[in-house]
């Protein structure tokens, strides 16, 4: 399977089938699509794969449909979908479905085929509501882009300066959801996430000139929003990267049918596919290595909650119907722990020999260690003592013990409110 969240869609859909409710409350109806496929084809990975393919087909259909509404002549079409369509479809399906509706919203808003303005505004608003229903961020992004369409170009510089000054000096962390981080450069972070292809697409978004005169102003607005993403406004991996992907899809419906545009798109495919071949881990977790440790962990009778990294938790929950959390267990998680059970942790990236070498007052820290391939299954209480031991020694293993591989942070408040154990 490709994608780092795909098994979570399965977890949500299974909960709908078994209880009629989502495992974690979410207003988006996209999980009902997965549930429908499970009813038709069974609860399995093949159904999840079909959902991803269906998502990509929906995006392609939306691109072609929006392009048709925006053009009056067939020779104006740009019918080659960008590789971002496949990236969104496989990595962020919920966002991809919302982007499809947003494309239709913009298409009706600027359509040259529908002459009655009131009809265009009403239908455009309807599709914007659908986009927001499927993914709130996409709806907010769409509204922001429409507002930017109305701003004269002469105000771009003041707006840019505002985005430089205000987050840096006046804004702080908002409920752990938005992080105004000035320590990292967003484009560098994006390159580390998915390779050179994203830099190529961003460069031509900003500096390319592949739109007809009719839509040049609109394309300039989209390019300016792409330029704003150079600034560390949000935590890039969680927000800005997804906004950038949305922009790269939206700009496609305003691009003209030119040989130069086909060359740019084709070269983008080359860069993205090259990264996929060389670094497949950027687009998926090694799920094939997770079955054995997951099965062994699930078979322990008093395992009430497993702590493991993001990706493993989703896979584990989908395959074995057991609770897993990719955060440090908080008060809410402990209160939901079944009576007579305990919390275990799958340690990743640290060998058993290193764990055995730890001791306090001549006694081993770990009372239980079960090696499971690349993972070591331990008690969460022992792991907490081990972290203190590593900190006291300023160990070189501490950066591994406190990383995404071994969750060390508690869930943000906004996730606690809508998740049980979740991911």
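What follows draws every value from the coordinates through simple rules; no lab data is involved. The model shown is predicted, which means the values in this text are computed figures rather than measured ones. Cβ atoms come from the backbone with ideal geometry, glycine included; neighbour counts cover every protein chain shown.
Each Cα pair under 8 Å and six or more residues apart adds its separation to the average, and for the chain the resulting relative contact order is 16 percent. Spatial offset of region 368-411 relative to region 303-328 amounts to 16 Å, using the alpha carbon center of each. Between 398, 37, 59, the Gaussian network model of the chain with springs among Cα atoms under 10 angstrom shows the greatest mean-square fluctuation at 398.
With neighbours defined as other Cβ atoms within 10 Å of a residue's Cβ, the residues 26, 323 order from fewest to most as 26, 323.
Take the Cα of residue 57, step 7 Å toward its Cβ, do the same at residue 266, and the gap between the two points is 2.8 nm.
Peptides 273-283, 129-139, 84-94 ranked from most to least packed, by the mean per-residue count of other Cβ atoms within 10 Å: 84-94, 129-139, 273-283. Note on the chain: antiparallel DSSP beta bridges, both residues inside, total approximately 60 percent of the bridges counted.
Going by a ≥ b ≥ c, the root eigenvalues of the Cα gyration tensor, does region 277-401 fall in the rounded group (a/c under 1.5), the prolate group (a/b larger than b/c) or the oblate group? Here region 277-401 falls in the oblate category. Helix-only arithmetic for the chain: the sum of -39500 (n - 2.57) across DSSP H runs with n ≥ 4, divided by the residue total, places the mean residue ellipticity at 222 nm at -17500 deg cm²/dmol. With springs connecting C-alpha atoms under 10 Å apart, model the chain as a Gaussian network and identify which of 62, 359, 24 has the largest mean-square fluctuation. Highest fluctuation of the listed residues: 359.
Residue order for 351, 219, 27, fewest other beta carbons within 10 angstrom first, comes to 27, 351, 219.
A crude spin-label estimate for the pair residue 394 and residue 36, with each label 7 Å from Cα along the Cβ direction, gives 6.0 nm.
Taking a point 7 Å from the Cα of residue 288 along the Cα-to-Cβ direction, the residues of region 1-26 with backbone N closer than 14 Å to it are 1-2.
Taking the C-alpha atoms only, the angle from helix 380-393 to the longest principal axis of the chain is near 90 degrees. The length gained by stretching the chain between residue 379 and residue 5 to full extension, at 0.36 nm per residue less their Cα-Cα distance, is 132.0 nm.
Taking the DSSP beta bridges with both ends in region 290-418, the antiparallel portion is around 65 percent. Model label sites at residue 213 and residue 408, defined 7 Å from Cα along the beta-carbon direction, differ in position by 6.0 nm. How would region 6-282 be classified by its alpha-carbon gyration tensor: rounded, prolate or oblate, with rounded meaning a/c under 1.5 and the a/b versus b/c comparison settling the rest? Rounded shape, in that the Cα axes give a/c under 1.5. Under the classification rounded if a/c is under 1.5, otherwise prolate if a/b is larger than b/c and oblate if not, where does region 11-101 fall, given a ≥ b ≥ c as square roots of the Cα gyration tensor eigenvalues? Prolate shape, in that a/c is at least 1.5 and a/b is the bigger ratio. Can you tell me which of 301, 407, 286 moves the most in a GNM of the chain? Springs connect C-alpha atoms under 10 Å apart. In this elastic network of the chain, the residue with the biggest mean-square fluctuation among 301, 407, 286 is 301.
The angle between the Cα long axis of helix 259-278 and the longest principal axis of the Cα atoms of the chain comes to about 10 degrees, rounded to the nearest 10.
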